[in-house]
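Values in this text are rule-based calculations from the coordinates and carry no lab data. Bear in mind the structure is a predicted one, so any value in this text is a computation, not a measurement. Virtual Cβ from ideal backbone geometry, glycine too; neighbours counted across all protein chains shown.
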Amino acid sequence: MVFSLKSFEPKRSNAPRITGTAAVTPPHRPRLADRHAADKSSNISPAVVRGFVRATDFLIVVLLGFAIAHGYVDEESAVSTPLYVEAVLLTGLTLVVSFELLGLYTLRAFSNFVVKMPAMVLGWSVAFVALVASIFFLKIGHDVSRVWLATWFTAGILGLFAERLVAAWLVRGWAKSGRLYQRAVIYGTGHVTEDIIAKLEEDTDSTVRIAGIFDDRTDNRVPRDIAGYPRLGGLTELIAMSRVTRLDLVIVAIPLAAEDRLASVLRHISILPADIKMPARSTALRFSPRTYSHVGTVAMIDLFDKPIAGWGTIGKWLFDKVVGLTALVLLAPVFAIVALAIKLDSKGPVLFRQKRYGFNNEMIEVYKFRSMYTDRCDAAATKLVTKGDPRVTRVGRIIRKTSLDELPQLFNVLRGDLSLVGPRPHAAQAKAGTQLYDEVVDGYFARHKVKPGITGWAQINGWRGETDTEEKILKRVEHDLYYIENWSVFFDFYILLKTPRSLLKLENAY
């Protein structure tokens with residue numbers, strides 16, 4: 001049986017369609033929430049898939065080589081000496097290089113498992129011939145077991161076949177669900193848009209799938225159907241769609257000469273957690289080839305990058321889960337003491353749940369230790385807590401000043417709602433003075449391009465606690481955006497190390 005990604009590619013049709021989602025008839029305001037609400041599966045980066053398969057290939061042949069040497073060859077002369085160790089590791093590296101040269105690390109190669117079997121045997125054979133040739137020319141054949149070589153060669157073929165069969169099954173499933181593809185939308189209509197669509201559909205190896213076209217111009221200026229794809233509305237509809245379904249890429253097909261219109265569009269969509277690019281054909285200017293990235297075969301100019309993607313997503317996920325679980329275990333006695341103090345101090349539950357804005361402006365439920373009297377809790381945060389606030393309990397004053405009330409958010413981290421480090425999540429009705437935060441700060445929701453965190457760059461720089469003035473929320477957002485633009489695992493680690501010291505500054509925490 002031949003597995004192929006091509007079987008999951010959309011068929012060309014004159015009917016409006018959205019690849020990977022249900023088709024949407026394009027009225028001015030499509031019911032996007034009804035059509036896309038169940039389609040929030042995360043994208044799996046092809047680069048990550050290729051990296052994992054490379055690592056697995058290497059580990060399979062290396063572990064088999066060591067296991068067979070340990071089981072058959074005298075242990076003292078095999079595993080404990082450099083000869084077998086060097087032979088196994090170098091053969092593993094040679095295998096990966098030969099597979100790379102044979103084109104065995106592409107999504108199409110993973111899915112076409114049966115077709116690629118001869119190439120896999122060839123690649124493994126090349127690695128083994130290199131090993132045998134090295135043994136011969138170095139005149140060390142008497143130190144190497146022939147049975148070990150023959151057994152390892154056979155076991156390696158079987159192990160690699162089994163691994164690639166599993167990879168084909170996974171890739172097939174991910175392709176069918178659309179998780180291996182970048183879901184893209186195009187803003188703007190015209191010849192450039194039609195050209196992009198044509199080139200993407202011609203490229204059988206492209207991982208981009210068009211989910212719709214957007215343009216704010218009226219029907220008498222632009223058609224409702226562009227190259228077989230529906231025009232779903234304007235900027236309002238594009239942003240609404242991004243809230244209810246995954247968008248990985250926004251292509252802005254507006255001429256660079258339309259400077260005012262382009263600036264307005266970018267100001268609105270820059271808050272989205274997606275790559276935002278402009279086709280190189282949108283301008284007559286030509287730059288160095290290094291300036292361009294490519295979507296399939298289409299040259300693009302990068303406008304905004306998704307903040308955390310590819311291996312970065314995996315690195316941050318591992319950091320959150322490992323450090324979060326460790327912290328939860330180590331702080332268990334503190335949890336118990338705080339919970340007991342809350343129960344003894346006032347009536348009501350130990351934990352308080354509050355709706356706050358999370359990743360991509362979605363509402364999440366955040367856990368905190370209750371710091372207010374039960375009948376005075378303000379779940380929507382319509383009134384900020386101030387110094388001497390009568391709503392706060394005696395224990396509440398202590399845990400709010402020391403931020404111990406935030407500890408239960410470690411459960412949110414393990415659930416995946418929060419990260420350990422990121423912009424702090426704000427309540428829905430939180431205000432700076434008398435204005436909502438997004439009314440004070442232009443582009444406020446850009447801070448939601450990543451998951452919010454328990455602590456953040458703003459907090460360790462003194463911008464925690466009450467935000468009673470416009471300056472305070474402006475400074476907090478400024479630091480949040482700096483964090484997003486400069487994120488790394490090491491930056492997260494640095495912020496975590498600095499957090500305990502910042503908690504000693506109690507002047508803004510009530």
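Computed from the Cβ-Cβ distance with R0 of 60 Å, the FRET efficiency linking residue 281 to residue 121 stands at 0.85. With bins 5 Å wide beginning at 0, the percent of Cα pairs of the stretch 210-284 falling in each bin runs 3, 14, 25, 28, 22, 8, 1, 0. When all alpha carbon pairs of the stretch 238-360 are counted in 10 Å bins from zero, the resulting P(r) reads 10, 25, 24, 15, 13, 9, 3, 0 %.
Treating r as the C-beta distance of residue 132 and residue 56 and R0 as 22 Å, the FRET efficiency rounds to 0.35.
Once the mean of 1/r is taken over each pair of separate Cα atoms and inverted, the stretch 311-502 shows a Kirkwood hydrodynamic radius of 17.0 Å.
Return the subset of 306/368; 343/451; 368/401; 316/449; 277/472; 451/472 for which the Cα-Cα distance in this structure is over 23 Å, preserving the input order. Cα-Cα > 23 Å for 306/368; 343/451; 277/472; rest within.
In the stretch 311-502, a dipole from Cβ-located charges (positive for Lys and Arg, negative for Asp and Glu) runs towards its positive end, and of 344, 435, 458 it is 344 whose Cα lies farthest in that direction.
Placing R0 at 56 angstrom, the Cβ-Cβ distance between residue 402 and residue 292 gives a FRET efficiency of 0.65 after rounding to 0.05. Think of the stretch 200-320 as having a plus end and a minus end, set by charges on the Cβ of Lys, Arg, Asp and Glu; of 257, 282, 227, 257 sits farthest toward the positive end of this dipole. Here the 3J(HN,Hα) profile of the stretch 167-179, calculated from phi with Karplus coefficients 6.51, -1.76 and 1.60 at θ = phi - 60°, is 4, 4, 5, 5, 4, 4, x, 5, 5, 5, 7, x, 6 Hz, Gly and Pro shown as x. When +1 charges are put on Lys and Arg Cβ atoms and -1 charges on Asp and Glu Cβ atoms, the dipole computed for the stretch 311-502 relative to its Cα centre reaches about 680 debye. Multiplying each eigenvalue of the alpha-carbon gyration tensor of the stretch 46-176 by 5 and taking the square root yields semi-axes of 29, 14, 12 Å, largest first, rounded to whole angstroms.
For the stretch 119-131, 3J(HN,Hα) computed residue by residue from phi via the Karplus equation (6.51, -1.76, 1.60; θ = phi - 60°) reads 5, 5, 4, 5, x, 5, 5, 4, 4, 6, 4, 4, 5 Hz, glycine and proline entered as x.
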